[in-house]
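Report on the structure given below.
Since every read-out is calculated from the coordinates, none of them should be taken as a lab result. Quick caveat: nothing in here was measured; it's all calculated off a predicted structure. Using ideal geometry, Cβ is built from the backbone for each residue, glycine included, and neighbour counts are taken over all protein chains shown.
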Amino acid sequence: MASSASPSAPTTAEAFPPVTTAAAWRGDRLAGSDEWIYMLSDEQVAELETLGTRFLAENPDLRTVAAEEYPLVACAEAVKEWGADVDYGRGFVLVRGLRTQLYSDALSNAIYYILGLHMGDPIRQNEMGDLIDHVYATSDKTMDDPTALSSKVRDKLVYHSDSSDIVALMCLRPAKEGGLSCLVSGAEIYNEILRRRPDLAPLLLEPFHWDWRRQDHNAPADTYTSPIVSLVDGVFSMYAGSLYILTAQEYEGVPKLSPEQIEVLELFDTITYEEGMAIEMDFRPGDIQWLSNYAALHARTTFWDWPEPQRKRHLLRLWLSRDAGRPVVDGFGKNGVVQVRQAPRDGQEEHPDAHFDVFSVSVPRLMS
């Protein structure tokens with residue numbers, strides 16, 4: 001995980017100039033290039049297929065298997081390059097070239113998990129203990145339904161951050177129509193707020209309450225707290241998603257948002273959705289997207305599925321802890337409440353429905 005800084009981190013945004021690193025980008029400038037796409041070579045694909053096949057044969061426990069057990073040679077420099085792009089560059093990279101149309105889903109899971117181990121340490125994504133989660137619609141609920149889980153519906157998802165240092169998606173099968181992955185630069189949103197309303201920008205550095213229950217129905221508490229922006233030692237990080245800030249207001253005991261806080265959230269969302277800010281990706285089978293949760297927000301457009309279950313849109317998701325030495329303020333993001341992969345939360349037993357091998361996670365859980 002990113003390292004926490006002392007509470008003496010700056011509390012006003014005026015002390016900082018706009019972000020000028022590669023993390024501050026506009027989608028309309030990136031869309032015309034392929035600099036963010038990495039094409040695997042035949043040698044690299046062959047290496048991953050060989051390692052994935054061995055992974056299936058050995059069927060290791062996902063909680064304890066280590067990257068060193070499946071060393072990379074042909075892909076070693078590529079993984080370093082992806083990590084540099086995620087940590088210090090634009091904040092994301094799309095890897096293309098795997099032949100998943102020829103693989104079993106279990107083999108795709110294995111290859112994906114091996115690469116994930118080399119990019120970071122997988123963490124549990126919910127109280128059930130899932131290390132690989134399925135983005136697969138199991139109902140027609142919409143996100144205005146408080147019982148809907150974002151990874152299990154076809155509805156559009158608003159821009160947000162996930163609960164890890166890196167969120168990764170692998171496409172097994174795309175939708176019949178729609179389901180574009182949309183990314184927007186957190187630094188560029190912040191720059192725009194500085195330009196337009198520098199008086200509101202400092203509010204982003206103050207703690208907000210976030211709806212934990214709606215993100216995970218089994219969460220041990222209703223909310224957690226985090227600022228939206230961390231600025232430490234000149235390093236900018238963002239954790240955003242106004243939906244969960246607004247729904248947290250429904251819980252008893254959560255302080256009401258001030259008019260100024262509401263104003264900055266509205267401005268944040270306005271800028272986020274302005275034309276040209278985001279880049280959209282139409283996933284192909286085998287694509288893997290590595291994304292820094294500190295650098296970019298992600299969303300998804302509504303999608304329409306094929307009628308056959310085996311053809312439905314199906315992505316795999318990993319949440320990774322990655323020690324890149326990134327300084328953030330104490331209590332930033334959801335890092336303080338996530339679970340490590342080796343064991344359940346302190347004081348809890350392993351969930352009876354938990355599975356920790358690539359064969360059992362090849363079939364989506366039937367939930368809504």
Proximal lysines to Lys152, defined as alpha-carbon separation beneath 27 angstrom and excluding residues fewer than eight positions away on the same chain: Lys141, Lys176, Lys312, Lys334
Potential lengthening between His217 and Asp323 on full extension [0.36 nm per residue; Cα-Cα distance subtracted]: 35.3 nm
Tilt relative to the chain, helix 76-88 - C-alpha long axis, 0 to 90 degrees, to 10: 20
Segment Ala22-Gln348, length gained on full extension (0.36 nm per residue, minus Cα span): 113.2 nm
Local electrostatic count, Asp165, Cβ distance below 10 Å [Lys/Arg +1, Asp/Glu -1]: -2
Point-to-point label distance, Arg284-Leu102, nm (Cα→Cβ direction, 7 Å offset): 1.5
For region 198-207, Karplus couplings with θ = phi - 60° (6.51, -1.76, 1.60), whole Hz, Gly/Pro x: x, 5, 8, 3, x, 5, 5, 8, 8, x
Protection proxy ranking, peptides 287-296, 257-266, average beta carbon neighbours within 10 Å, highest first: 287-296, 257-266
Extreme residue, positive dipole direction of the chain, given options Pro198, Pro309, Met277 (C-beta unit charges): Pro309
FRET efficiency for Tyr88 and Ala66, using Cβ-Cβ distance with R0 set to 25 Å, rounded to 0.05: 0.50
Interchain or long-range residues, amide H under 5 Å from Phe303's placed H: Gly179
Debye intensity ratio in log₁₀ form over the Cα atoms of the chain, taken at each q of 0.10, 0.14, 0.15 Å⁻¹: -0.60, -1.26, -1.46
Gained length - Glu308 relative to Tyr251, 0.36 nm times residue gap less alpha-carbon distance: 16.5 nm
